Amino acid sequence: MARFLLQAPLVVGAKKLKAGTTIADSVGNALPGDLVWTGLTSSTVNGQMNPLDGAATTMKNASVWAGVPMPCSISGANSIDG
């Protein structure tokens, strides 16, 4: 199970996901309301994705963003759907 909370907008394909969106790596790992991104791996994680479980923490620690501090808040502009 790998779930992340977006602290900043993220573009996946042609869709812009707003900050505050919760994403999961598979349908089986998603909770109600999560967006599923099957391309979510340690190579697609970014520094603005807050891990919500152990698998997500492991995934982020295996990325180039390991150890990067998370922002403390989400701005209103980043919370707008696009």
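Every number in this text was worked out from the coordinates using simple rules, so none of it is lab data. This structure is a prediction, so every number in the text was calculated from the model and none was measured. As a convention, Cβ positions derive from the backbone with ideal geometry for all residues, glycine included, and neighbour counts pool all protein chains shown.
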Summed over the other residues with a beta carbon less than 14 angstrom from that of residue 53, with K and R at +1 and D and E at -1, the charge totals 0
Quick calc: nm separation of the 7 Å Cα→Cβ label points for residue 38 and residue 68 -> 2.6
With the 8 Å Cα cutoff and a minimum separation of six or more residues, the chain has a relative contact order in percent of 37
Neighbour net charge for residue 3 - beta-carbon separation under 11 angstrom, K R +1, D E -1: -3
